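Participant: Structure below; questions to follow.
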Amino acid sequence: MSDHLEGLALVLSGGGARAAYQVGFLSALAQQWPDLRFSILTGVSAGAINAAHLASSSSPFQQTVSTLTDLWRQLSIDRVFRVDNPIWAETFFVGVSVCFPAACVLCRGFVAWWIPRLCGNF
């Protein structure tokens, strides 16, 4: 396979876990074809982040994927959203109660119990 096929496209779908799996797939491609180039790159949501990284690099494919892999390895929950703020939990449970009205009473009870403990106000 040539490292550049005219019209070769890469489409990366969305979803955080899926985007992490994409990096593993890209690593396998980069091992086999270190100078691979895509004529078309597109993605949705987290896949768009991967696609943007690939598209913005002037480095060889293998080096670009290596950098992307390093970025994903450094990713942790606290770098995605704040986990020290209890408001995210309330927002989550409100969302659940909207989608599942029968769970509304249970969610409100859990939030009323859990947030003070999270904040250390026993």
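Participant: Can you confirm whether segment 13-26 contains a residue that is among the aliphatic types (A, V, I, L, M), in contact with a Gly (Cβ under 9 Å, 6 or more places away or on another chain) and surrounded by 15 or more Cβ atoms within 10 Å (Cβ to Cβ)?
Facilitator: yes
Participant: Further question on the same structure: If a residue counts only when it is modelled with pLDDT of 65 or more, which helices (runs of 4 or more DSSP H) contained entirely in segment 1-119 have at least 3 such residues?
Facilitator: Per the criteria, 16-32, 46-56, 61-74, 77-80.
The values are calculated or read from the model by the stated rules, or taken from the named source; none is laboratory data. Owing to the predicted nature of the structure, the values given are computational and were not obtained by experimental measurement. Note: ideal-geometry Cβ built from the backbone for every residue, glycine included; neighbour counts use all protein chains shown.
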